[in-house]
Amino acid sequence: MIKDKIVEVLNNIKNHMSEKRYLHTLGVVDAAVYLADKYGENIEEAKLAALLHDYAKDFTEEELKNYIHRNGIDVDEILIVAYQLLHGRVGAHIAKNRFHINNQDILNAIDNHTTGSRNMSNLEKIIYLADFIEVGRDYPGVDDLRIVAEESLDKAVLQALNNTIKYVLSIDKLLHPNTIYARNELMMKREKGE
Ligand SMILES: [Fe+2]
Ligand SMILES: [Fe+2]
């Protein structure tokens, strides 16, 4: 059943995103499948979450905000100001309502890929990380992150969160608290040797 859903979504997304976004999405699918296999998570779920993670990324600010209001989606004020982050929340809503995906882990992975969150599941971590290391990505530190991703999922997600926090500070933008919660939680785990 999940295989049919993957085919349905794959056929749909090409017409709903730019060529650039589509290629990025396929890169995230490959990276997510690789990580799911490596870290013993469900490959089909990883594929489906990766396919849909950026479904709403090409929405304009107006489209994102209209979608939120029209559907009565509850969001905090930081998400309203740093509206680019909303594409995760909107993508998860579309996954549930347009594609009838009810697997909460998949929905959370789509929702939280823009910020990270507390208590991330392995699937959430995989999608978060795959987004940063897919083959089309090229930025300072990406090769190092790819190496750490081979070693430890938690270590790599922590490094990706740190990279994001440094980047957001360097461009003087709002930092979502969930990114800090996610980072501190993984730091605590590391400190405790878990
Ligand atoms: Fe995204
Ligand atoms: Fe992405």
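The values are calculated or read from the model by the stated rules, or taken from the named source; none is laboratory data. Just so it is clear, the model here is predicted, and its values are computed rather than measured. So basically every Cβ, Gly included, is an ideal-geometry build from the backbone, and we count neighbours across all protein chains shown. Keep in mind that these areas ignore ligands, DNA and RNA; they rest on the heavy atoms of the full protein, side chains included. Shrake-Rupley method; radii C 1.70, N 1.55, O 1.52, S 1.80 Å.
Side notes on the structure shown:
- Test: residue in segment 85-104 that is open to solvent by 20 Å² or more (accessible area, probe 1.4 Å) and among the small types (G, A, S): no
- Given (1) within 16 Å of ligand 2 (Cβ to nearest atom); (2) at pLDDT 95 or above; (3) in a helix (DSSP H, G or I), index of the condition E8 fails: (1)
- Among the residues making up segment 123-153, those that are assigned to a helix (DSSP H, G or I), free of Cβ contacts under 8 Å to residues at least 60 places away in the same chain and open to solvent by less than 40 Å² (accessible area, probe 1.4 Å) are E124, K125, Y128, V142, L145, V148.
- Test: residue in segment 58-71 that is within 13 Å of ligand 1 (Cβ to nearest atom) and either open to solvent by 40 Å² or more (accessible area, probe 1.4 Å) or assigned to a loop (DSSP other than H, G, I, E, B) (or both): yes
- Test: residue in segment 164-177 that is within 16 Å of ligand 1 (Cβ to nearest atom), open to solvent by less than 30 Å² (accessible area, probe 1.4 Å) and among the aliphatic types (A, V, I, L, M): yes
- Matching residues in segment 19-36 - criterion: being touching a helix residue (DSSP H, G or I) at 6+ places or on another chain (Cβ under 8 Å), within 16 Å of ligand 1 (Cβ to nearest atom) and of a type in the set (A, V, I, L, M): V28, V29, A31, A32
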